[in-house]
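The values are calculated or read from the model by the stated rules, or taken from the named source; none is laboratory data. Nothing here was measured: the structure is a model prediction, and the numbers come from that model. Counting neighbours? That spans all protein chains shown, and the Cβs are built from the backbone with ideal geometry, glycine included.
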Amino acid sequence: MKTNPGRFFEDYVLGETIVHAVPRTISGGERALYHALYPARGALYSSDEFARTCGLPASPLDDLAAFHVIFGKTVPDISLNAVANLGYAEGRWHRPVYPGDTLRSESTVIGLKENSNGKSGVVHVRTRGLNQRGEVVMDYVRWVMVRKNRMDAPASTPVAPDLKPALDAKDLVIPAGLDFTRYDFTLAGEPHRWGDYEVGEKIDHVDGVTIEEAEHMIATRLWQNTAKVHFDATFRDDGKRLIYGGHVISMARALSFNGLANAQMIVALNGGAHANPCFAGDTVKAWSEVLDKAETAAPGVGAIRLRLVAVKQGAAPFTLRGEDGKYAPEVLLDLDYWALMPL
Amino acid sequence: MKTNPGRFFEDYVLGETIVHAVPRTISGGERALYHALYPARGALYSSDEFARTCGLPASPLDDLAAFHVIFGKTVPDISLNAVANLGYAEGRWHRPVYPGDTLRSESTVIGLKENSNGKSGVVHVRTRGLNQRGEVVMDYVRWVMVRKNRMDAPASTPVAPDLKPALDAKDLVIPAGLDFTRYDFTLAGEPHRWGDYEVGEKIDHVDGVTIEEAEHMIATRLWQNTAKVHFDATFRDDGKRLIYGGHVISMARALSFNGLANAQMIVALNGGAHANPCFAGDTVKAWSEVLDKAETAAPGVGAIRLRLVAVKQGAAPFTLRGEDGKYAPEVLLDLDYWALMPL
Amino acid sequence: MKTNPGRFFEDYVLGETIVHAVPRTISGGERALYHALYPARGALYSSDEFARTCGLPASPLDDLAAFHVIFGKTVPDISLNAVANLGYAEGRWHRPVYPGDTLRSESTVIGLKENSNGKSGVVHVRTRGLNQRGEVVMDYVRWVMVRKNRMDAPASTPVAPDLKPALDAKDLVIPAGLDFTRYDFTLAGEPHRWGDYEVGEKIDHVDGVTIEEAEHMIATRLWQNTAKVHFDATFRDDGKRLIYGGHVISMARALSFNGLANAQMIVALNGGAHANPCFAGDTVKAWSEVLDKAETAAPGVGAIRLRLVAVKQGAAPFTLRGEDGKYAPEVLLDLDYWALMPL
């Protein structure tokens, strides 16, 4: 057979590194499309001039766009037969991506645990995105539940990696040269600086976007993510196309500009859950909670740890979980990340 | 509160200049998207080679795309609490925008007049778009009706600026170096030159485009225009997303290629009214009327003043106003502008 | 009349060359949009680094995108009054297109034959796409059935060009410098090389994409193809917008990555039929058949001739024609092309 059937649980080998296909050169086109698909307004990612004032050579590609490019390449090898995308951990952005950079991805299998039903198992991989110089651009751990193909394939010794619930502020990588001492709050859009946010504070980002089929497909294809379920309306019994979770991540993050305009750079992804599926016609809104704050060694640069929650129409204010401890049905995403903000 | 509530009528101060967030660097991506969203075919804006033949260093960003970028930045400060977008006047393009340019905007309050109901007022602003060298790229006057928040806020002395009904041809700014003496009418797509148009002549542009939600949202986001009403289907009682008026302007202008292919550069916006709202599913068509003509000092370059009318399905030929003097319900846009055309 | 009525059958003159409007400069924006609209993943067209490993200076624009740009320009002169797009032949790509290139098109009338009903006729044109240096980028023959306007216009002597059913492998133009001896199959996404494919082999490409109005219009406009029927829902009696055949070609070709990831460059278009119309809501899938194979003079480079068939929902496996010899109703496209593949 010439087509790719994807890997099944029994095909993964602990410690193996899988080199993913198709490297991608980024241009101004990807940036323009990102800004056309999401209401992204971070000044550092919108203006070369603003970025230079902050010590960078030019405006980088949005951090989440870099993540999507790197993630998209892993789909044919990691999640084609996935039953569920279970979580993320220990994600770090190591250096910005600029137009002209070429990205590729590779993943090392760091955990394998067959489910007790013998029909599927959980695979942990650590994925690295690399640029054309072989430098790590970002890395993260992701785990998925994958079907078995041969039910009689023997189960190996279960291994689950030891993952940090969140990265320490000291483990964050601050881009070389970053300096917020000349940061222009007017051009950035909001006056609120690092010192203005308190741990425990919650922010309703107010704005909402109703999701369209054409938009989520354009976005998902741009990242060369090929999972059938996002594109083929005949694939699911209900005739719905499931929206790529990353589309909801980017939409929520972009909406969070209103209240967090100065949370410019995402430097770590501590964890994330796609709490409920999102479909075209849903109206996505977002709220954030300040989880932690830390200083950094870079001039004028503070770190802020945020919970970003995407919800859909009908959600009560700051909805997260019901009394049963489960995510409320209107919650689409619960993300935990570190961003950099001017002091 | 961390999110932007927008300004209310009583928050504006006559003479104040508001510096708008978020500067934007333009690349080939914005141009490609503009040409993907609108049937734009002006040769000067499509081909670097053609632009060089006309004395420009390269193909600029479409004039209306520059306008949208500059306009979009003003929305959070000017029209977030606007009840109505009342008009434009004295708009001039001062220099072309090229890939690599970074645009920002600022607006000066030049008129304030509270309505007799005491609940809202009319705000006039003159907005300037600036590039990375601080040069004015375009400026225009716009006025909006804005709600009051504190109904007991005292009304200031009403001031309404003295605005020209249309710019004189001698006030038009011709881009440095522009020369149409070697203009290639075959490559431009039509043989009709400046001398072929007569004042009073009307042109039905024939073609139509049915509007999609995904397309107007992609366009509006690209300009970083964040008004909720364009994106959130739960915002209005009728569940409809109101289409950004600029989307209709660009669609109508692009449709006018068929009959006005050589009306290459827009250099002035004399006025404009969004006569009726536009929604997804509407099919937009356009017609034009020649309002005036003038010579310019640039070699081979004439100026033509045009009325551009966008209508939707069901409009009678050259529909504008009913017997009551009001815009017919099928009229979406009535725009008055100056363009440059080869003699 | 200022607008373009298009040419009718009696307006074409044998041997005449028509220079088409509007030249177009390509940037990274066009490439990003192509990859956002189609699940295109050919490594040579995705990564500058990969392309350099194959002896090219950078990653070219996808071959079909170049075709669409060249084809789009011909629409106002060739197919505005076409009743049917009948076929393609002898298409060859002569050199890759890179960001920064400016493309234009011209067509020579090589065949004219009035239909026996006296109301229409078949026009054959050979279209050439040229870059800013006047070099031929691609050329192809296309024939369309065009309406007559003046029914009493006399019929000229019928001329039908002598067209090859398929180009010989020796007539293929291999891009200068192309070398697949260092080809990286892992980064390309599949291990299957030229030697792994057998003439007569059929491949079901498995994946499907449900078509959206916004997407096909964005694509078709990007190529500056202005045929009303693609954009105006009020144009056809059934209220449907007919999808540009080239959208189906690109969608099917991109879907064929899964099984033909290494069929990197399209170098010839032997023939093609748009078997049935495609509308929004259709789910497009594709299958291929290996028609021929040949060696080339370039190092490590083989040629493979492929039939690419696009079908919609409800198609039986490898459906092509019914017992009556006609295309099955689920078949959208039957395309015959040569591609280059590593040995």
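Checking the condition without any contact (Cβ under 8 Å) to a residue 40 or more places away in the chain and assigned by TED's automatic domain parsing to the domain that holds A:Gly259, which residue from A:Leu320, A:Leu308 passes? Before you say what the answer is, go through the steps one by one.
Details: A:Leu308 fails: without any contact (Cβ under 8 Å) to a residue 40 or more places away in the chain.
Within the list A:Leu320, A:Leu308, the selection yields A:Leu320.
Criterion first (in a helix (DSSP H, G or I), within 12 Å of another protein chain (Cβ to nearest Cβ) and surrounded by fewer than 22 Cβ atoms within 10 Å (Cβ to Cβ)) does B:Arg31 satisfy it?
no
Provide a single number: the residues in region C:28-40 that are in contact (Cβ under 8 Å) with a residue 60 or more places away in the chain and within 13 Å of A:Thr25 (Cβ to Cβ).
Residues of region C:28-40 in contact (Cβ under 8 Å) with a residue 60 or more places away in the chain: C:28, C:30-31, C:33-34, C:37-40.
Of the ones still in play, those that are also within 13 Å of A:Thr25 (Cβ to Cβ) are C:28, C:31.
Here the count works out to 2.
Identify, from the list C:Ala153, C:Ala176, C:Ala166, the residue that is modelled with pLDDT under 95 and more than 11 Å from every other protein chain (Cβ to nearest Cβ). Please lay out each step first, then the result.
Values: C:Ala176 fails: modelled with pLDDT under 95; C:Ala166 fails: modelled with pLDDT under 95.
Only one candidate qualifies: C:Ala153.
Going by what's in this entry, would B:Glu201 be described as within 14 Å of chain C (Cβ to nearest Cβ) and under 16 Å from B:Tyr337 (Cα atoms)?
Values: within 14 Å of chain C (Cβ to nearest Cβ): yes; under 16 Å from B:Tyr337 (Cα atoms): yes.
It is true that B:Glu201 is within 14 Å of chain C (Cβ to nearest Cβ) and under 16 Å from B:Tyr337 (Cα atoms).
In region B:204-237, which residues are within 18 Å of the chain's Cα centre (by Cα), within 17 Å of A:Glu213 (Cβ to Cβ) and away from chain C (no Cβ under 11 Å)?
B:Arg221 - this is the single residue of region B:204-237 that is within 18 Å of the chain's Cα centre (by Cα), within 17 Å of A:Glu213 (Cβ to Cβ) and away from chain C (no Cβ under 11 Å).
Filter region A:10-27 down to residues that are assigned to a loop (DSSP other than H, G, I, E, B) and hydroxyl-bearing (Ser, Thr, Tyr), then give me how many there are.
Filtering region A:10-27 for residues assigned to a loop (DSSP other than H, G, I, E, B) gives A:12-16, A:20-23, A:26-27.
Among the residues that remain, those that are also hydroxyl-bearing (Ser, Thr, Tyr) are: A:12, A:27.
Final tally of qualifying residues: 2.
Only one residue in C:Asp324, C:Asp334 is modelled with pLDDT of 95 or more, more than 14 Å from every other protein chain (Cβ to nearest Cβ) and closer than 21 Å to C:Ala40 by Cα, so which one is that?
C:Asp334
So which of A:Ala315, A:Ala294, A:Ala303 ends up being surrounded by fewer than 17 Cβ atoms within 10 Å (Cβ to Cβ) and at pLDDT 95 or above? Steps first, please.
Details: A:Ala315 fails: surrounded by fewer than 17 Cβ atoms within 10 Å (Cβ to Cβ); A:Ala303 fails: surrounded by fewer than 17 Cβ atoms within 10 Å (Cβ to Cβ).
The unique qualifying residue is A:Ala294.
Select from region B:1-27 the residues that are facing another protein chain (nearest Cβ under 7 Å), in contact (Cβ under 8 Å) with a residue 60 or more places away in the chain and surrounded by 20 or more Cβ atoms within 10 Å (Cβ to Cβ) and list them in ascending order. Steps first, please.
Initially, region B:1-27 is screened for residues facing another protein chain (nearest Cβ under 7 Å), giving B:2-4, B:19, B:21-25, B:27.
Narrowing the set further to residues that are in contact (Cβ under 8 Å) with a residue 60 or more places away in the chain leaves B:4, B:19, B:22-25, B:27.
Of everything in region B:1-27, those that are facing another protein chain (nearest Cβ under 7 Å), in contact (Cβ under 8 Å) with a residue 60 or more places away in the chain and surrounded by 20 or more Cβ atoms within 10 Å (Cβ to Cβ) turn out to be B:Val22, B:Pro23, B:Arg24, B:Thr25, B:Ser27.
Please go through region A:49-70 and pick out each residue that is surrounded by 24 or more Cβ atoms within 10 Å (Cβ to Cβ) and facing chain B (nearest Cβ under 8 Å).
If the condition is that a residue be surrounded by 24 or more Cβ atoms within 10 Å (Cβ to Cβ) and facing chain B (nearest Cβ under 8 Å), then A:Phe50, A:Ser59 are the ones that fit.
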